[in-house]
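S.K.: Sending over a structure as structure tokens; questions will come in a sec.
Nothing in this text is a laboratory measurement; each read-out follows from the coordinates by a stated rule. Values in this document were obtained by computation on a predicted structure and should not be read as measured data. Every residue, glycine among them, receives a Cβ derived from its backbone with ideal geometry; neighbour counts consider all protein chains shown.
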Amino acid sequence: MSVRGAPLIAVVDDDAAVCEGISSLLRSAGYRCVTFASAEALLASSVPGEIDCILLDIRLPGMSGLDLHLELTRIKRAVPVIYVTAASEDALRQRALSQGAIAVLTKTFKDHDLLTAIGSALHGGSLEGNDT
């Protein structure tokens with residue numbers, strides 16, 4: 001598959017180093033990638049309808065990742081969501097999964113775990129209950 005036809009993965013995280021690292025990994029795995037520093041930046045962009053999967057931090061400045069997930073569903077732009085977060089509270093993890101997240105990966109997750117979750121998301125699967 002050419003890069004042009006590769007799935008588009010959005011990374012929404014206010015930590016530029018996290019965005020850069022994940023973006024590099026995704027491109028090396030053959031995915032296209034776009035990054036956003038906030039939920040509002042993603043919503044203001046022209047790409048929400050083109051995104052195949054979102055890697056989303058739970059805690060963001062302004063609108064939270066959980067609220068962005070709900071907003072995308074509300075405006076009928078629902079796409080598979082994988083949370084990548086430093087937050088380890090079980091209540092946040094359970095809320096993310098109850099909103100339909102494919103997985104909740106705790107930073108610092110393994111590259112393999114992220115790529116497995118993305119593969120599952122793109123093929124309609126679920127890793128619900130898995131926290132890596």
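S.K.: Scale the Cα Rg of region 1-107 by the rule-of-thumb value 2.2 N^0.38 Å and send over the ratio, two decimals.
M.R.: Values: Rg = 13.0 Å, N = 107, 2.2 N^0.38 = 13.0 Å.
It is 1.00.
S.K.: Right, another one. How large is log10 of I(q)/I(0) for region 49-93 at q = 0.18 Å⁻¹ when the intensity is taken from the Debye formula with one equal scatterer per alpha-carbon?
M.R.: With one equal scatterer per Cα and no solvent, log10 I(q)/I(0) is -0.53.
S.K.: Quick one: net charge of Gly65's neighbours, Cβ under 11 Å, K/R +1, D/E -1?
M.R.: Numbers: positive: Arg59, Arg95; negative: Asp13, Asp14, Asp57, Asp67, Glu71.
Net charge in that neighbourhood comes out at -3.
S.K.: R0 = 25 Å: FRET efficiency of Lys76 with Asp14, Cβ-based, nearest 0.05?
M.R.: Numbers: r = 26 Å, r/R0 = 1.04.
It comes out at approximately 0.45.
S.K.: Relative contact order of the chain, please, whole-number percent, based on alpha carbon pairs below 8 angstrom and at least 6 residues apart. Don't jump to the answer; show the numbers that get you there.
M.R.: On the way: 221 pairs, mean separation 26.0, N = 132.
Averaging sequence separation for qualifying contacts and normalising by length gives 20 percent for the chain.
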